[in-house]
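Enquirer: Below: one structure in structure tokens.
Computed from the coordinates by the stated procedures, all read-outs in this text should not be read as laboratory data. Model, not experiment: these values are computed from the prediction. Cβ atoms come from the backbone with ideal geometry, glycine included; neighbour counts cover every protein chain shown.
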Amino acid sequence: MDTIAALATAAGPGAIALVRMSGPEALQILRAVTADQADPSPRTASVRSITKGKGGDLLDRALVTFFPRPDSYTGEDMVEISCHGGWLVPRMILDACVAEGARMAEPGEFTRRAVLHGKMDLVQAEAVLDLIEGRSKAQHDAALFQVERGLSRRISELREQLVTLEAYLAHYIDFPEEDEAPVPVDRVVGAAEALREALEELLETAPEGELLREGALTVLAGPPNSGKSSLYNALLGEERAIVTEVPGTTRDALEAVISVGGFPFRLVDTAGLHESDDRVEEMGIEVARRYLDRADVVLFCIESHSEIGSAEREFLEGLGDVPTVLLRTKADLVSGKAGSAAPKSGGGAAFQDLNGAQVRESVEISVVDGTGLGRLQALLPEMIYGGLVRTGASVPALTRARQSEAVRKARDHVVEFMEALEAGTPVAVASALLRPAETALEELLGLISTDEILDRVFREFCIGK
Ligand SMILES: Nc1nc2c(ncn2[C@@H]2O[C@H](COP(=O)(O)OP(=O)(O)OP(=O)(O)O)[C@@H](O)[C@H]2O)c(=O)[nH]1
Ligand SMILES: [Mg+2]
């Protein structure tokens, strides 16, 4: 292993930046850039002058900490240099370390080394990334739970269940002729069934868990001038999109990640959908359709006083099984005139006969007096993250495709094993089918890891982590 170095804080102006090194030469290199000064005591921060090599120019006075192996983040000797932030100082210190023999770290290489030295498993490593990138409370809860081995523990339990099952089978194979088989077949079948169920249960958390990382794609759609951009701004809490009384104001799609009830949503404002002769507007409408194809939820906006015509109906039906909320916008204009007993102009009734579409709810909304905003904000997390809303995000849940692929693979192999038993396949032959299930869970945790698996996990990381 060589010694790696990187800037661990974001580049650019800031009060403090952190340059870190990991590897066998870390202390040697520190000595070279803090020449003629005492070695720092382990795990104790001390101020040192940092120079460009022995006798070189002074670069900064910085706080230096040495973490001897194996009790460091990576499990190797590590040095952290907390220097002044900005464009220059951290870069110069990093260059000085490289000049003394360190190599610039690759993305995620510190954490990768932590995995290789058994400081954490792969699921924990992935969660480190989520912790850094998280933007909502639920994602923070889920990431922290995984960093603390919450999910790893669950996967290890499942693996142990699998190993126990294999042990039953080994016993069964070794003593087939005994009068009373030590482990009756129905016990084997029962254990396999329990395992299948447990894997299935974990797998069911994947759709919500995976959305936690990117945010549920939430598309505002509807006829021009129906109040989409106004609602986009209201949900964002800032005037990001242009709002005018002119139909066809929004041309390009606007996207922002927002947290609703602690859960992440990728909110997209789109161009109003209608037949248009304007080339730019038409392109905007095309973009809107592309977003709609991928939407996790559609907020269909139509003014409270407008009828839902055949075009709207057709549009809603065309959405297929994408969950949709019908928003009757500008409710203030209706209720303002009619007082509190406002006629629910079309709201409930229209909602009733939209049978073909997946319209789950209808909400009367106004960005002028705030009607319905609270209700929409309560509805969205419930619709998309219902399971996690009920349990909280600090539960074992699969939050990445890599995780669900592995658990699905394990589940499929267990099912295959059960089917083989049922079809009368000899136990010795059937039991071989469980091996790959175990491998899948071991790869998931990184107990078995190939460069390919590690590359896939760490290529998403930033440099310095
Ligand atoms: N009274 C009232 N007016 C609203 C409300 N929401 C939007 N409006 C007005 O309706 C007009 C259109 O609003 P936008 O938000 O631009 O509508 P849009 O759906 O984004 O329109 P396009 O981008 O053209 O498709 C503007 O004049 C808004 O001020 C509301 O809740 N109440
Ligand atoms: Mg608009």
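Enquirer: Given only helices, namely DSSP H runs of n ≥ 4 each adding -39500 (n - 2.57), what is the per-residue ellipticity at 222 nm of the chain, to the nearest 500 deg cm²/dmol?
Expert: On the way: 18 runs with 216 residues, N = 465.
That calculation yields -14500 deg cm²/dmol at 222 nm.
Enquirer: How much net charge surrounds residue 48 when only the other residues with a Cβ under 13 Å from the Cβ of residue 48 are counted, with Lys and Arg +1 and Asp and Glu -1?
Expert: Values: positive: 31, 61; negative: 36, 39, 60, 80.
Computed value for this residue: -2.
Enquirer: Send over the semi-axes of the stretch 213-391's equivalent ellipsoid, whole angstrom and largest first, taken as the square roots of 5 times the C-alpha gyration tensor eigenvalues. Present the calculation step by step, with values, prior to reporting the outcome.
Expert: Details: eigenvalues 89, 88, 59 Å².
For the stretch 213-391, the ellipsoid semi-axes come out as 21, 21, 17 Å.
Enquirer: Tally the DSSP beta bridges in the chain and give the antiparallel ones as a percent, rounded to 5. Show your work: numbers first, answer last.
Expert: Details: 31 of 54 bridges.
Restricted to the chain, the bridges split so that about 55 percent are antiparallel.
Enquirer: Sorted by mean Cβ packing within 10 Å, highest first, what order do the peptides 396-407, 160-171 take? If you can, show how the numbers build up before the last one.
Expert: Working: 396-407: 21.5, 160-171: 17.0.
Ranked from most to least packed, the peptides come out as 396-407, 160-171.
Enquirer: With the dipole of the chain worked out from charges on the C-beta (+1 for Lys and Arg, -1 for Asp and Glu) around the Cα centre, which of 172, 272, 384 lies farthest toward the positive end?
Expert: After comparing all options, I get 272.
Enquirer: Two-decimal Rg/Rh of the chain from alpha-carbon positions, Kirkwood Rh? The partial results should precede the final answer.
Expert: On the way: Rg = 29.1 Å, Rh = 26.5 Å.
Ratio value, two decimals: 1.10.
Enquirer: Could you list 81, 50 so that the one with the fewest beta carbons within 10 Å of its beta carbon is first and the one with the most is last?
Expert: Details: 81 28, 50 25.
In increasing order of surrounding Cβ atoms, one gets 50, 81.
Enquirer: Further, regarding this structure: What distance in nm lies between label points placed 7 Å from Cα along the C-beta direction at residue 44 and residue 245?
Expert: Between residue 44 and residue 245, the label points sit 7.4 nm apart.
Enquirer: Let me ask you something else. Of 124, 463, 161, which is farthest towards the positive pole of the chain's charge dipole, taken about the Cα centre with +1 and -1 on the beta-carbons of Lys, Arg and Asp, Glu respectively?
Expert: 463
Enquirer: Only counting other Cβ atoms within 10 Å, I'd like 204, 438, 307, 126 sorted with the fewest neighbours first. Please list the in-between numbers first.
Expert: Numbers: 204 14, 438 19, 307 11, 126 27.
So the residues, fewest neighbours to most, are 307, 204, 438, 126.
Enquirer: Assign one of three labels to the stretch 4-105, namely rounded, prolate or oblate, based on the Cα gyration tensor with a ≥ b ≥ c the square roots of its eigenvalues; rounded applies when a/c is under 1.5, prolate when it is not and a/b is larger than b/c, and oblate otherwise.
Expert: Working: a/c = 1.40, a/b = 1.18, b/c = 1.18.
Note, shape of the stretch 4-105 comes out rounded.
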